[in-house]
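Data first, discussion second: the structure below is written as structure tokens.
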Amino acid sequence: MSDWAQLKQALISGDGEELCRRVRQTLDQGVSAKDILNQALIPAMDVVGERMENEDMFIPEVLMAAKAMSAAVEILKPLLAADDLSAAGKVVIGTVKGDLHDIGKNLVAMMMESAGFEVKDLGVDVAPETFVAAARDNGAQLVCLSALLTTTMPMMKETVAALESSGLRDKVKVMVGGAPVTRAFAASINADGYAPDAGSAAKLAKSLVQ
Amino acid sequence: MKSKGRRGGIYRPLTQDQVETIHDAALTILERVGFTYESGLDDLLEMLEGSGARVDREKARIAFPRSLVEAQTAKAPNRVILYGRSEDSHLDLQDDLVHLGTGGAAIKIVDPENGTARPSTLKDVYDLARLVDKLDNIHFYLRPCIPTDIPEAAYDVNVFYACFKGTRKHVMAGVNNEKSFHDVLELAALLADGMDALKARPFFSIITSFAISPLKFCTQSTRIMREANRHGIPVALSCAPMAGSTSPITMAGTLAQIHAEQLAGITVCQLTQPGAPVLYGGIPGMANLKTMGYLGGAVECGMMNAAIHQMAAHVGVPNYNSAGLSDAKIPDAQAGWEKALTIVLAAMGGSNYVHHAAGMLESMLAVAYEQFVIDDEIIGMSCKVLEGIPVDADRLALEVIESVGPGGNFMTSPHTMAHLHDEYFEGNGITDRKSRPKWEKDGAADAWARARRLVERLLSGEETPYISESLDRQIRERFEILL
């Protein structure tokens with residue numbers, strides 16, 4: 001239906017008020033919440049993610065789009081089945097122990113949420129055993145580790161090792177990211193994936209859990 | 001012709017009214033918003049409280065009354081001399097006198113062998129010092145890259161050693177802690193023939209990034225800064241917010257916040273040691289809001305760095321700032337225009353100590369040997385602009401015009417010979433002015449390739465022994481030198 005384009009446009013341009021107005025209007029026309037989420041909102045956030053990945057969009061605009069997305073999801077939530085909001089999968093995310101930086105990690109969490117994942121954000125300075133417990137308790141398919149400092153990168157390796165010794169490693173995919181992290185480093189610590197930015201992180205997450 | 005120390009102040013992006021408006025806004029910020037801090041600064045809090053600042057320990061906030069800031073800022077010297085280890089390399093920082101040189105903490109260097117970026121090493125810090133020593137328009141050597149090949153604990157002493165060994169010019173760098181500061185002080189005292197001689201004419205200075213923008217004291221750097229104050233070593237009060245992420249997106253807002261941060265830093269230094277030599281270290285920059293990285297090559301960086309000198313001059317403190325950054329990855333045309341514009345604007349503004357002005361690429365992440373040679377040329381030309389056009393009887397050449405007469409030519413006139421080498425900028429040889437056939441015969445090299453040849457030539461010469469063998473032995477007995 002033609003309204004998808006306008007809904008998507010409102011989301012991509014970060015116009016929360018307009019988006020919510022159109023979401024309510026579309027619901028009133030009898031369209032299901034699930035369709036609005038899957039046909040308009042998530043595909044629109046995919047576009048945002050892609051533009052972010054290509055450095056075609058300003059981050060403050062990405063933040064506005066994500067904010068609009070969560071406002072729209074708040075409207076849809078009571079009308080959705082429990083598993084509609086975690087359709088893409090369940091993610092546990094955090095900044096590794098010893099590292100207090102969270103701007104990048106928050107961006108990734110937000111983009112993943114917008115891409116249809118249920119995200120459990122453990123915050124910063126997260127110990128390996130905390131990651132393990134959260135992955136187990138939440139039934140996560142994906143564990144995402146963030147580090148900004150070269151000095152805390154080794155903690156990523158230890159966290160992967162903790163997942164291995166707990167027997168969870170085969171049940172989850174591990175993604176790593178942060179300014180000093182590289183694809184080669186990810187491979188060297190036996191992580192499943194690396195993404196250089198939040199847009200490509202969400203995309204990679206989808207491909208890893210499919 | 002020396003390019004160092006020429007007078008700028010011929011480009012003033014802010015009117016006097018605007019300068020006063022921004023100054024007033026900064027005082028309001030310090031009074032109403034104030035600074036925050038983390039643990040480890042109890043002695044600072046006590047000192048500030050005892051001087052009339054209001055400290056709210058629950059909220060971790062320090063409010064600076066106007067009268068305190070104004071009284072302390074007035075104590076800062078309006079002239080700071082940064083010495084070199086030769087008579088021709090001292091820097092007289094005051095008024096609108098301009099000096100430009102290297103700077104940064106790049107972690108990569110473009111390898112001249114293959115043109116790709118690799119991690120920078122201690123040998124690079126030394127070889128770049130040797131290169132800069134031979135480039136006349138680079139007036140000081142601030143370590144431009146990090147020695148990624150040695151343990152972090154060994155950085156400070158080894159970086160200063162590599163700099164001192166490679167060049168006679170004034171050396172500046174940061175240190176990681178107070179102990180390192182004392183190690184470097186001791187190393188320099190060995191070279192100066194004693195601590196008293198060193199303190200009388202310090203040939204090194206320290207960058208102290210005391211402020212984490214916006215408006216927060218960095219514990220470690222503030223402690224180092226105050227330790228340097230107590231020992232009479234000049235400090236550059238570096239703070240470098242990025243418009244859009246760590247300061248307001250607007251230029252005026254960024255200037256106001258930086259000015260507030262600087263006034264707080266100067267106040268702390270002068271309370272610690274009245275009359276301590278400090279450089280106002282506001283470095284206006286921009287955030288790349290598509291990647292959250294740093295943007296250095298934008299033309300507005302040149303405009304804002306000229307403006308921040310006006311703010312420093314308004315409080316009578318010599319300033320340290322930036323120009324010549326580029327977001328290009330290699331020494332290409334974009335690097336050329338970004339550097340030329342920002343350097344000439346900062347120089348015309350009258351900035352006293354412009355770092356980052358040579359060698360930098362990739363938004364501060366990389367340096368390239370060739371770029372230092374190219375930037376030496378850009379700095380030389382920018383300083384030439386400051387000289388203006390002298391008009392006197394000799395230069396006006398009325399008599400010469402009369403004697404050559406209508407229809408003649410000036411080729412062999414003694415007046416032409418007299419000014420052949422002093423009227424126009426003569427560079428280091430990197431600028432191509434050959435005919436096309438001659439250029440083609442020489443390999444049709446672009447600026448990058450020509451710069452590579454020049455680097456090879458300059459570095460292949462014999463190494464100048466800036467540290468004697470006996471002194472070197474003494475240093476190596478005392479410190480673990482990894483070069």
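Rule-based calculations on the coordinates, nothing more; no lab input. Remember, predicted model here, so these are calculated numbers, not experimental data. Cβ placement follows ideal geometry from the backbone for every residue including glycine, while neighbour counts extend to all protein chains displayed.
General observations
- Two-decimal ratio, the stretch A:6-140, of alpha-carbon radius of gyration to 2.2 N^0.38 Å: 1.12
- The residue list A:182, A:117, B:208 was ranked by how far each Cα lies along the charge dipole of the protein assembly as shown toward its positive end, using unit charges on Cβ atoms, and A:117 comes out on top.
- Net charge in the neighbourhood of residue A:201 (other residues with Cβ under 15 Å of its Cβ; Lys, Arg +1, Asp, Glu -1) is -3.
- Hydrodynamic estimate: the Kirkwood radius of the protein assembly as shown over Cα pairs, inserted into Stokes-Einstein at 37 °C and 0.692 mPa s, corresponds to D of 117 µm²/s.
- Computed on the stretch B:19-73, with alpha-carbon pairs under 8 angstrom and 6+ residues apart, the relative contact order is 39 percent.
- The peptide list B:379-391, B:324-336, put in order of mean Cβ contacts within 10 Å with the highest first, becomes B:324-336, B:379-391.
- Cα centre as origin, Lys/Arg/Asp/Glu Cβ charges: chain B dipole, Debye: 380 debye
- Normalised by the number of residues in chain B, the mean separation of alpha-carbon contacts (under 8 Å, six or more apart) gives a relative contact order of 19 percent.
- With a cut-off of 11 Å between beta carbons, the residues surrounding residue B:326 carry a summed charge of -3, where Lys and Arg count +1 and Asp and Glu -1.
- DSSP beta bridges confined to the protein assembly as shown are antiparallel in about 30 percent of cases.
- Relative packing of peptides B:440-448, A:170-178 - highest average C-beta neighbours within 10 Å first: A:170-178, B:440-448
- Along the axis of the charge dipole computed for chain B (Cβ charges of +1 for Lys and Arg, -1 for Asp and Glu, origin at the Cα centre), the listed residues B:343, B:255, B:316 are led at the positive end by B:255.
- Neighbours of residue B:37 by Cβ distance under 15 Å: Lys/Arg scored +1, Asp/Glu scored -1, total -1.
- Shielding of B:79-87 by partner chains, average beta-carbon count, 10 Å: 0
- Highest mean packing comes first when the peptides B:463-475, B:340-352, B:96-108 are listed by Cβ atoms within 10 Å, giving B:340-352, B:96-108, B:463-475.
- Counting Cβ atoms of other protein chains within 10 Å of each Cβ in A:59-72 and taking the mean gives 1.
- Cross-link reach list, aspartates and glutamates versus residue B:108, counting only Cα pairs under 13 Å and skipping chain neighbours closer than eight places: B:124, B:149, B:362
- For the stretch A:101-210, Kirkwood radius (reciprocal of mean inverse C-alpha pair distance, Å): 13.7 Å
- Mean Cα-pair separation over length for the stretch B:87-178, i.e. relative contact order, pairs under 8 Å, 6 or more apart, %: 33 percent
- Three-way shape label, the stretch B:112-269, alpha-carbon gyration tensor, a/c 1.5: oblate
- Inter-chain shielding of A:51-58 (mean C-beta neighbours from other protein chains, 10 Å cut-off): 2
- Built amide H within the under 5 Å cut-off of residue B:245, gap 5+: B:287
- Chain lengthening between residue B:291 and residue B:75 when straightened (0.36 nm per residue, less Cα-Cα): 73.6 nm
- Every helix of 4 or more DSSP H residues in chain A counts as -39500 (n - 2.57), and over all residues that averages to -16000 deg cm²/dmol at 222 nm.
- Three-way shape label, the stretch B:405-483, alpha-carbon gyration tensor, a/c 1.5: oblate
- Between residue B:333 and residue A:9, the modelled label-to-label distance comes to 3.7 nm, taking each label 7 Å out from Cα in the direction of the beta carbon.
- Shape analysis of the stretch B:1-93 based on the Cα gyration tensor places the equivalent ellipsoid semi-axes at 35, 21, 11 Å, largest first.
- Checking the Cα-Cα distances for A:105/A:171; B:216/B:384; B:4/B:329; B:75/B:199; A:34/A:203; A:77/A:206 against a 31 Å cut-off, the pairs over it are B:216/B:384.
- Hydrophobic, long helices, defined as DSSP H runs whose alpha-carbon span along the helix axis is 27 Å or greater and whose mean Kyte-Doolittle value is at least -1.0, occur in chain B at B:251-272, B:369-387.
- Computed over every Cα-Cα pair of chain B and binned at 20 Å starting from 0, the pair-distance distribution P(r) comes out as 24, 55, 19, 2, 0 percent.
- Efficiency of FRET from Cβ geometry, residue B:152 and residue A:54, R₀ 30 Å, rounded to 0.05: 0.30
- For the stretch B:19-73, the spread of Cα positions along each principal axis, largest first, Å: 35, 20, 14
- Simple spin-label estimate for residue A:190 and residue B:54 gives 5.8 nm between the two label positions (7 Å along the Cα-to-Cβ direction from each Cα).
- Rg followed by Dmax, in Å, when the stretch B:26-155 is reduced to its Cα trace: 21.4, 59
- Checking the cross-link pairs A:8/A:157; B:290/B:339; B:2/B:441 against a 28 Å limit on the alpha carbon distance flags A:8/A:157; B:2/B:441 as lying beyond it.
- For the stretch A:3-84, average projected area of the Cα convex hull in nm²: 4.9 nm²
- For the stretch A:132-210, the Cβ-based charge dipole about the Cα centre amounts to some 160 debye (Lys, Arg positive; Asp, Glu negative; other atoms uncharged).
- Over chain B: helical MRE at 222 nm, DSSP H runs n ≥ 4 each giving -39500 (n - 2.57), nearest 500: -13500 deg cm²/dmol
- Computed about the Cα centre, the dipole magnitude for the protein assembly as shown is approximately 420 debye when only Lys and Arg (+1) and Asp and Glu (-1) carry charge, each at its Cβ.
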